[in-house]
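Accompanying notes for the structure given below.
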Amino acid sequence: MYGKHFASMYEGSMLGIGAVPLAVWGYVISHMDEEGHLELNPVLLAAMIGESEEEIQMAMDLLQEPDPNSRCKAEEGRRLVRTGQFSYRVPSAPEYRKIWNRETQKEYNRVRMREWRAKQKQEAGSEDIEDDSGDSDNGGRPEGVDEDGVIEEPGRAETLSEEDNW
């Protein structure tokens, strides 16, 4: 699995929470599925993280407590909700998955735009098409596409996807 760690994790209500809870939370982020479900076994985590089972269990308990200062208000700000003996759910997963997908799509579109510009420059055989420096009106993008690959048509805002061939 793969998960994205946001810088805000270290600056919000988890500030000063301690190394063990942050290590457990990092494991949670990287092991949850798309809906935020995962299995946590404190014995396994203790061996993997290098802390005692008691420390791991305390961290897991802390992550299950309500947090009135959490940015995510679902489940009273809890980061983990126990659903079975070793089964847990991350209430904020869908919200952060959307952010991750938007950022991933923007980066994908940036790469596509660089490739498109390079191809246009090569086909033109000249320096008429500008690079990412922003010296031209549209930065070498196809007309109607902003720097993130979003189509700038009146009344329509969508992000170009793999299927778009421009």
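All of the numbers you see were taken from the coordinates with simple rules; none came from a lab. Fair warning: this is a prediction, and the values are worked out from it, not measured in the lab. Here Cβ is always computed from backbone atoms with ideal geometry, including for glycine, and neighbour counts include all displayed protein chains.
Taking the Cα centre of the range 7-91 as origin, work out the dipole magnitude from +1 charges on Lys and Arg Cβ and -1 charges on Asp and Glu Cβ, in debye rounded to 20.
Values: 6 positive and 14 negative charges, 47 e Å.
The dipole magnitude comes to about 220 debye.
For the range 15-44, the residues whose amide N sits under 14 Å from a probe point set 7 Å from the Cα of GLN57 along the beta carbon direction are 41-44. Residues whose amide H falls under 5 Å from that of HIS37, counting only those 5 or more places apart or on a different chain, are VAL90, with hydrogens built in the peptide plane. Each residue in LYS119, LYS106 was given a count of other beta-carbon atoms within 10 angstrom of its own, and listing them fewest first yields LYS119, LYS106.
When the Cα gyration tensor is reduced to axis lengths a ≥ b ≥ c, the ratio a/c is 1.5 or higher for the range 7-91, and with a/b not above b/c it is classed as oblate.
If I stretch the segment between ARG71 and VAL111 completely, what's the gain in nm (0.36 nm per residue apart, minus their alpha carbon distance), one decimal?
Numbers: separation 40, 0.36 × 40 = 14.40 nm, distance 3.14 nm.
That works out to 11.3 nm of additional length.
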